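The values are calculated or read from the model by the stated rules, or taken from the named source; none is laboratory data. All figures in this text were calculated on a predicted structure; none of them were measured in a lab. Backbone-built Cβ (ideal geometry, glycine too); neighbour counts: all protein chains shown.
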Protein chains: 2
Amino acid sequence: MKRKITLKDIAKELDVSISTVSKALKNSREIGKETTDKVQAFAKLYNYRPNNIALSLKNKHTKNIGVIIPDIVHYFFTTVFSGIENYANSKGYNVIICVSNESFDKEVINMEMLTNGSVDGFIMSLSAETQQKKDFNHLIEVQNQGIPLVLFDRVTDDVSCDKVILDDKKISIDVIQKFYDSRKRKIAIVTNQGFFSVSDKRAEGYREGLLKNNIFVDTALELKLNYKNIDENAIRHFFQNNEVDAVFCVNEIFAISCMKIVQSLGMKVPEQISFIGFTDGLLSRFSNPSLSIVAQHGDKMGEMAAKMLIDKIEAEFEDDEVATFRTEIIQATILERESTIN
Amino acid sequence: MKRKITLKDIAKELDVSISTVSKALKNSREIGKETTDKVQAFAKLYNYRPNNIALSLKNKHTKNIGVIIPDIVHYFFTTVFSGIENYANSKGYNVIICVSNESFDKEVINMEMLTNGSVDGFIMSLSAETQQKKDFNHLIEVQNQGIPLVLFDRVTDDVSCDKVILDDKKISIDVIQKFYDSRKRKIAIVTNQGFFSVSDKRAEGYREGLLKNNIFVDTALELKLNYKNIDENAIRHFFQNNEVDAVFCVNEIFAISCMKIVQSLGMKVPEQISFIGFTDGLLSRFSNPSLSIVAQHGDKMGEMAAKMLIDKIEAEFEDDEVATFRTEIIQATILERESTIN
DNA sequence: GAAAAAAACGAAAACGGTTTCGTGTTAATA
DNA sequence: TATTAACACGAAACCGTTTTCGTTTTTTTC
């Protein structure tokens with residue numbers, strides 16, 4: 001097992017100083033051609049690579065970015081992450097990922113773990129619990145330490161930082177409009193119970209979309225489900241007791257679950273009842289009928305988040321003016337498949 | 001923006017030496033009670049945290065582990081990763097993740113990126129291209145540098161290291177047996193074209209399972225699909241031209257795709273034709289009928305891999321005896337849902 | 001041929017910790 | 001009271017780099 005070779009090793013072996021080796025390796029004009037060649041040849045032979053940790057310590061940056069997401073076994077987050085990883089890698093950054101499991105405590109523990117110099121910045125999406133508690137001190141703290149932060153998707157107005165979000169409300173209005181245009185009038189929404197900023201925005205859009213078309217907003221047509229434990233009886237009950245011809249779901253699991261039950265109740269999708277969900281995952285692509293959805297373009301979101309973060313990181317050492325924050329909006333699109341009619 | 005406070009800052013402020021501060025913070029008996037209290041109070045007040053990078057440099061380990069997987073937008077890998085992350089975190093390790101995108105080049109680039117001191121060890125699953133090329137020099141190289149490596153799922157006999165795999169072959173035999181026991185005799189397999197070690201093992205099990213029950217192995221009943229571009233016509237053609245009453249698929253996407261087409265061809269699942277797939281993902285749970293599958297228990301796999309790696313890492317500084325490698329086998333289980341009969 | 005400039009290299013500080021090994025005080029012991 | 005042990009602390013090395021600032025030697029220039 002050959003140990004990693006260091007500058008010191010090379011220096012000793014070639015009988016020059018460490019600084020000479022370092023400079024020779026970077027083709028400094030300070031060092032003579034002969035020495036440079038000798039050093040480089042030796043370094044190549046022994047496959048010398050500078051130690052990253054030492055570089056980090058010296059340069060005060062790690063070229064690591066921390067990503068904290070609520071869940072990894074989750075299509076949307078996974079696509080966002082993919083976008084982040086891609087962009088980050090292309091810029092020479094590695095990404096350290098922590099999952100909060102929707103828990104506030106794990107979120108702060110994870111942040112603290114990474115705040116001690118391990119990363120140059122954070123990209124994160126708030127856990128359910130954090131959104132519920134509305135306690136953002138860990139985010140503020142991190143920012144105070146000069147570590148840039150960008151929030152995506154599940155964001156909050158209570159902390160000022162860069163953000164990248166979907167136009168959840170607008171696209172939801174569009175969804176309702178599409179339903180309306182295909183002569184649907186009894187439009188239901190299936191959303192999360194609890195405290196998801198995005199679900200709320202989608203519900204807002206739903207209501208506004210109805211109003212815009214002079215449809216009475218009937219709260220009886222709003223079904224709230226628990227994302228980690230879907231109550232099929234509640235769904236069945238809902239559809240048995242409400243006359244509905246279109247359903248807007250805030251995620252694909254809700255949509256598929258409802259669609260399956262509705263079909264088992266003997267209704268035809270999309271002829272009698274149309275469905276549109278969120279998230280362009282496998283489920284919607286392979287369901288029967290395949291589900292029309294609003295595509296969130298997670299990869300673009302991730303890419304954008306990574307770009308914003310890295311821009312901030314690399315601008316950091318410029319000046320100490322007050323930072324200025326942007327929030328970028330990713331355009332969602334409706335992808336029509338078999339669960340809707342025109 | 002208050003900068004991070006260092007030992008030096010505390011020392012200067014309290015007019016003691018850096019070493020005193022360091023020791024006081026660790027409750028060294030070398031330091032007097034008064035000084036210790038004073039230092040700790042100050043440190044707490046200013047929320048001092050030791051700089052991780054400095055520690056890494058000093059201690060020659062980073063408490064980071066590198067995970068390289070072929071794809072992140074992928075249920076199975078995501079569950080494995082979840083297991084890794086969980087265990088690693090509980091042991092105070094962070095995990096840096098890189099995705100190879102099934103590309104050999106990206107795999108070696110990623111490894112090289114992390115080999116320069118950024119991680120204490122690797123957990124990985126081989127990319128498709130790597131399995132095809134059978135070039136494992138980057139793995140050997142990493143091991144030569146004394147960095148422990150554990151391979152999971154997509155492994156190779158060509159490099160000796162710790163491994164954790166599924167009993168792919170055995171469980172496949174079990175699947176065939178289950179088909180046989182429910183009076184199925186015309187059993188097909190839908191597998192990957194190409195070079196996936198796991199798919200091959202499953203196909204082996206399929207054949208052995210047939211043989212065991214004295215069923216003729218008919219290669220006409222082996223359908224090979226491209227995982228990134230599923231040819232629906234090939235599937236249709238296959239099922240129109242072969243009489244089949246049970247299908248074993250090496251992943252859930254193949255299973256769902258086939259099931260959908262078979263149903264559109266007017267066959268009843270599971271009465272006329274049964275399906276069993278691999279991967280306990282959303283697709284199989286929410287398909288119609290829901291798909292019976294062999295559960296790979298990715299989380300357990302990840303946990304095991306992480307445990308093996310961390311054990312190796314922390315044993316590292318013991319002795320220089322020849323390392324001894326284990327390969328752990330995770331027990332797969334068949335999960336019956338609606339796509340099979342008894 | 002002497003002064004100035006250029007070339008080639010090394011010493012040392014710095015990044016932020018830990019740790020070993022002094023060293024000066026005070027307290028205990030003979 | 002002299003000697004030793006215990007106590008409380010500091011200096012310095014070390015981890016592996018980079019970089020500034022000498023210093024020495026050689027080359028130019030006048």
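Scanning the stretch A:98-136 for residues that are β-branched (Val, Ile, Thr) and within 16 Å of DNA strand C (Cβ to nearest atom), we see that the one that is modelled with the lowest pLDDT is A:115.
Put simply, of A:19, A:28 the only residue that is of a type in the set (Ser, Thr, Tyr), in a loop (DSSP other than H, G, I, E, B) and more than 8 Å from chain B (Cβ to nearest Cβ) is A:28. Of all the numbered requirements in (1) under 18 Å from residue A:145 (Cβ atoms); (2) of a type in the set (S, T, N, Q); (3) away from every other protein chain (no Cβ under 14 Å), residue B:6 misses one, and that requirement is (3).
Restricting the stretch B:157-199 to residues that are of a type in the set (Phe, Trp, Tyr) and under 24 Å from the mean Cα position of the chain (by Cα) leaves a set whose member that is farthest from residue B:294 (Cα to Cα) is B:195.
Only one entry of B:12, B:38, B:44 meets the criterion of being assigned to a helix (DSSP H, G or I), of a type in the set (Lys, Arg) and either within 13 Å of DNA strand C (Cβ to nearest atom) or within 14 Å of chain A (Cβ to nearest Cβ) (or both), and that entry is B:12.
Within the stretch B:54-77, the presence of at least one residue that is out of contact with any strand residue (DSSP E or B) (no Cβ under 9 Å at 6 or more places or on another chain) and under 30 Å from residue A:323 (Cα atoms) is confirmed. If I filter the stretch A:52-65 for residues that are assigned to a helix (DSSP H, G or I), more than 19 Å from the chain's Cα centre (by Cα) and either more than 11 Å from every other protein chain (Cβ to nearest Cβ) or among the aromatic types (Phe, Trp, Tyr) (or both), do I get at least one hit? Looking for residues that are assigned to a helix (DSSP H, G or I), more than 19 Å from the chain's Cα centre (by Cα) and either more than 11 Å from every other protein chain (Cβ to nearest Cβ) or among the aromatic types (Phe, Trp, Tyr) (or both), one finds none in the stretch A:52-65, hence no. Being among the small types (Gly, Ala, Ser) and modelled with pLDDT under 95, is that true of even one residue in the stretch A:207-216? For the stretch A:207-216, residues among the small types (Gly, Ala, Ser) and modelled with pLDDT under 95: absent. Restricting attention to the stretch A:15-65, the residues that are surrounded by fewer than 19 Cβ atoms within 10 Å (Cβ to Cβ), in contact (Cβ under 8 Å) with a residue 24 or more places away in the chain and at positive phi total 1. Does the stretch B:273-298 hold any residues that are more than 9 Å from chain A (Cβ to nearest Cβ) and of a type in the set (A, V, I, L, M), and which are they? Answer for the stretch B:273-298, where residues must be more than 9 Å from chain A (Cβ to nearest Cβ) and of a type in the set (A, V, I, L, M): B:273, B:276, B:291, B:293, B:294, B:295.
Exactly one residue out of A:90, A:100 is more than 9 Å from chain B (Cβ to nearest Cβ), touching a Pro at 6+ places or on another chain (Cβ under 6 Å) and more than 16 Å from DNA strand D (Cβ to nearest atom): that is A:100. Taken over the stretch B:23-39, the residue count meeting the criterion of being within 8 Å of DNA strand D (Cβ to nearest atom) and more than 43 Å from the chain's Cα centre (by Cα) is 8.
Having 1 or more residues that are closer than 18 Å to residue A:329 by Cβ is the bar; report the helices (runs of 4 or more DSSP H) wholly within the stretch A:116-181 that clear it.
Result: A:168-181.
Condition first: among the hydroxyl-bearing types (Ser, Thr, Tyr) and away from DNA strand C (no atom under 16 Å from the Cβ). Can you find one or more residues in the stretch A:47-60 that meet it? For the stretch A:47-60, residues among the hydroxyl-bearing types (Ser, Thr, Tyr) and away from DNA strand C (no atom under 16 Å from the Cβ): present.
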